[in-house]
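Okay, structure first, notes after.
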Amino acid sequence: MSVEPATLVLLILTTFLIGIILGFIGAGGAGVLLGLLAGVFDLPIDQAIGTALAAMCVVTLSGAFSHFREGNVALRVGLVTGCAGIIGGIAGANASQGVAENTLRLASGLALWGLAVLVWIRTRVVKSSAAGLDDAGEPLSLKREVATSIGLGSTGGVAAGFLGVGMAPYLQLGFLTMHRLSLRQTVGTTMWALVFISASAATVLARHGDVSGPHLVGSVVGLSAGTFLGAKLTRRLPVRVLRVAIVVVPVVAGAMVIFL
């Protein structure tokens, strides 16, 4: 699919600005990019889903590296969650084939809204308990940590592959509540796990021809630069700003998927 040069430049600039926000909150941005590609750049929903997940794979790798250097990643938790997410992502991407476009749009948007509500509830709990960016709870036993990570990764992977969204709010909620990670660790570890989930789902969708090369290149260029910069802001901006951003982004993404 060919893209006009002016359209490609606009896509790069738009995704760069979005990437700064995504890197800051530790999200891969597949839901936001899905709405952008389908609603603004007129990609068919199946290609928008595949392209968004493929772009998220590259973007999360850049953001995860930046978060790792900033000390924001619980490495073992992210690795186990991500590996379980590979299986889930493959299953979800295959299951989405043949589902009606309107059904996928509505399901993706509603899922993002529901996840935003859950994250808002959890961030209020964190705030009321006076927990800050670096305050983590009692660590889990190794057996429980692995089991919880597998559960989060597999279910998040299925949803990501099927709905075309990165499930960052879902993983963040799990890391905050079940793994008791600090808010900073939650942000970085989520991005680390999304590398694996998005890669598996995008590979399956690409085999079905559901990835637009030009849109993928433009999105990757803009988002990668933006997320790398945004990840550096996680340790530098007030926790109140991070809490608000984590909730607002999936709400906006859900609206874009449903209405644009």
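Here are some notes:
- Gained length - Asn94 relative to Ala6, 0.36 nm times residue gap less alpha-carbon distance: 28.3 nm
- With neighbours defined as other Cβ atoms within 10 Å of a residue's Cβ, the residues Val58, Val252 order from fewest to most as Val252, Val58.
- Computed label-point distance, nm, for sites Ala147 and His208 using a 7 Å Cα→Cβ extension: 3.4 nm
- Highest-MSF residue in the chain out of Glu138, Glu70, Glu101 [GNM, Cα springs under 10 Å]: Glu138
- Coordinate range along principal axes, alpha carbons of the chain, Å, largest first: 52, 34, 30
- Burial ordering of Phe65, Phe41, fewest other beta-carbon atoms within 10 Å first: Phe65, Phe41
- Gained length - Leu140 relative to Phe259, 0.36 nm times residue gap less alpha-carbon distance: 38.7 nm
- Degrees, to the nearest 10: 75-95 long Cα axis against longest axis of the chain: 30 degrees
- Value of [θ]222 nm, deg cm²/dmol, for the chain, DSSP H segments ≥ 4, -39500 (n - 2.57) each, nearest 500: -26000 deg cm²/dmol
- When each of Cys83, Cys57 is scored by the number of other beta-carbon atoms lying within 10 Å, the sequence from fewest to most is Cys83, Cys57.
Only the coordinates and a few stated rules stand behind these numbers; no lab work does. On a predicted model such as this, the values are computed, not experimentally measured, just so you know. All Cβ positions, glycine included, derive from the backbone under ideal geometry; neighbour counts span all protein chains shown.
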